[in-house]
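Inspection log for the structure reproduced underneath, given as structure tokens.
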Amino acid sequence: MLRSTKIVATLGPASSDPTVLEKMVRAGVDVARLNFSHGTAEDHLRRADLVKEIGRKAGRTVAIMADLQGPKIRIGKFKDGRTTLEPGSRFVLDAACELGDGERVGLDYKALPRDVEPGAVLLLDDGKIVLEVTDVRGSEVQTLVRHGGVLSNNKGINRQGGGLTAPALTPKDMEDVRTAAKLQADYLAVSFPKSGADMYMAGELLRAAGGKAMLIAKIERAEAVTEAALIDIMRACDGIMVARGDLAVEVGDASVPALQKKMIRLAREHNKLTITATQMMESMIDSPVPTRAEVSDVANAVLDGTDAVMLSAESASGRYPVQTIEAMDRICVEAEQTQPVNLDQDFFNRVFTRVDQSIAMGALFTAFHLKVKAIASLTESGSTALWMSRLNCGVPIYALTSQTSTRYRCALFRDVYPLMVKYVGSDREELLAEAERVLVDHGVVKRGDIIVLTIGEPIGKAGGTNTMKIVRVGQHLKS
């Protein structure tokens, strides 16, 4: 059975072996995530080549996502590698300190004393340690330990409620954008954006480097989750990632489920993509089966309408990367069977301002009510297929394109299955015959099936979809 929701898998030591990676691809990976927080540019270039080679061998379209590290706001190192903080004790975060001890530690992020004031709450090591700022003196942030524990080298710092001013794009990120362009990444994920301006800057850097990747904004700052901020960010990118790790630390873990639903709903309304990430199958780092809670978490993201669900350490460093993807595939397919189709209701109060968008919506409506076998979108840019995928009509959408880059970017769209057409001329009947041939050859449809097909004229012009046809398969094929 076809799976509508896509699977993003992070590559790492556990998935570097070509044999393992091929098993992962065959198990259902749609997008391979290269985490630029680890590894060198050469590592990423090598992995990207391997993914594309294995995808071709397995007959699957696997896109590449380059994920920028972003600003890492961390403490420095300790003389002994760690210290233990007792609740009620005093502890100093000191931008001038070289090596820490039981009373103080240095800061990689030297601007922290400017960003905080007495009463601010700092969360270290993903919220495991909680410090309340009591005073700021020069390079020193003096704190009272609220929740203690073992604190080791280079642990991350978040401020409760947000407010740290670190820019979204660091000098390392700017260099990594050039690497992403060089390896021809299909998606570029930007960490910690606060506004649309951060995403515009990433887009400009990418284009200057010759990259054509679609931009994904990782929503993980408290400042980014208001409706106004989300819409501002979405206008400047192609999709968002619900990055639940850092976000939960900044806004509180209890707020995240409702925020996830809100973000996915807003993104679909604004024709943007969504990826739901962080700890989806965390126990499978060490276990061959997921917990019941993880099964529910993945299924709920599917029911929320996410385009993709993402694996991090589970596929990068876990013991069971292939089994994890198989489990995620199984959960997604099962959840999709129960998803209601409310297409007539979804059309209420919608206004279409573009011809190609109107054709896309018309194709959905027709396919749903005529109960056709498939929707075939002949597309240069992938836009028509993307618009169709924002509403659930219960009919699979095949993006037929002659553009290799479009084929790979469509790999992340929910309900969309990209296929290559080789015809690049301007004869309409020849193109329609090629489209039917590709669908039949891939076993998607057979002669006599009815499909809804969208096409643009003049042929070959991006953004020019202006025609919808109801086609009985075989009418353009020569026997």
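Would you tally the net charge around A301, using a Cβ to Cβ cut-off of less than 12 Å, leaving A301 out, and scoring K and R as +1, D and E as -1? Overall, the nearby charge balance is -1. With a cut-off of 13 Å between beta carbons, the residues surrounding I285 carry a summed charge of -3, where Lys and Arg count +1 and Asp and Glu -1. Can you tell me the 0 to 90 degree angle between the C-alpha axis of helix 355-370 and the longest principal axis of the chain, rounded to 10? Tilt of helix 355-370: around 70 degrees.
At a 1.4 Å probe radius, carbon and sulfur cover how many percent of the accessible area of region 236-316? Answer for region 236-316: carbon and sulfur cover 55 percent of the accessible area. The label point for S287 and the one for T226, both projected 7 Å from the Cα toward the Cβ, are 4.0 nm apart.
Extension gain, R319-E103: 0.36 nm per intervening residue step, less the Cα-Cα distance, totals 73.9 nm. Extension gain for the segment K422 to E334, taken as residue separation times 0.36 nm less the Cα-Cα distance, is 28.2 nm to one decimal.
Taking the longest Cα principal axis of the chain as reference, the axis of helix 171-182 is set at about 20 degrees. In this structure, the residue pairs whose Cα-Cα separation is over 32 Å, taken from K77/K182; K6/K172; K110/K262, are K77/K182; K110/K262. Take A111, project a point 7 Å from its Cα along the Cβ direction, then tell me which residues of region 61-87 have their backbone nitrogen under 11 Å from it. Label zone hits: 71. Relative contact order of the chain: 14 percent, from C-alpha pairs under 8 Å at least 6 residues apart in sequence. Distant-in-sequence amide contacts of L311, defined by a placed amide H-H separation under 5 Å and a gap of 5 or more residues or a different chain, comprise V8, A9, T10. Here K194 is the anchor, and the lysines within straight C-alpha reach of less than 17 Å, apart from those fewer than 8 places off in the same chain, are K72, K218. Of all DSSP beta bridges confined to the chain, the antiparallel ones make up roughly 40%.
For region 226-270, the per residue solvent-accessible surface stands at 39 Å², with DNA, RNA and ligands left out and a 1.4 Å probe. Averaged over its residues, region 63-115 has an accessible area of 47 Å² per residue, based on protein heavy atoms and a 1.4 Å probe. Which angle from 0 to 90°, rounded to the nearest 10, does the C-alpha axis of helix 18-27 make with the longest principal axis of the chain? Helix 18-27 sits at roughly 60 degrees to that axis.
So if we plug the beta-carbon distance of R90 and R26 into 1/(1 + (r/R0)^6) with R0 = 45 Å, what FRET efficiency do we get, rounded to 0.05?
My answer for the efficiency is 0.20.
Hey, with R₀ at 41 Å, roughly what FRET efficiency would Q279 and L370 work out to, going by the Cβ-Cβ distance, to 0.05? Kindly include the intermediate steps, with their values, before the conclusion.
Numbers: r = 42 Å, r/R0 = 1.02.
That gives a FRET efficiency of 0.45.
Here the Karplus curve 6.51 cos²θ - 1.76 cosθ + 1.60, taken at θ = phi - 60°, turns the phi angles of region 198-214 into couplings of 4, 6, 4, 5, 4, x, 5, 5, 5, 5, 4, 8, x, x, 10, 5, 7 Hz, with x standing for Gly and Pro.
Each label was represented as a point 7 Å from its Cα along the Cα-to-Cβ direction; for Q475 and N300 these points are 4.7 nm apart. How much FRET efficiency would the formula 1/(1 + (r/R0)^6) give for A208 and D441, where r is the Cβ-Cβ distance and R0 is 30 Å, rounded to 0.05? The pair A208/D441 has a calculated efficiency of 0.15. Along its principal axes, region 13-81 has C-alpha extents of 51, 22, 21 angstrom, given from the largest down. Measuring nothing but protein heavy atoms, the accessible surface of region 10-76 at 1.4 Å probe radius is 48 percent carbon and sulfur.
The values are calculated or read from the model by the stated rules, or taken from the named source; none is laboratory data. If you're wondering where the values come from, they're calculated on a predicted model, not measured in any experiment. Neighbour counts are summed over all protein chains in view; Cβ atoms, including those assigned to glycine, are modelled from backbone coordinates with ideal geometry. Ligands, DNA and RNA are stripped out before the accessible areas are found, and what is left, the full protein with its side chains, is counted by its heavy atoms. Shrake-Rupley method; radii C 1.70, N 1.55, O 1.52, S 1.80 Å.
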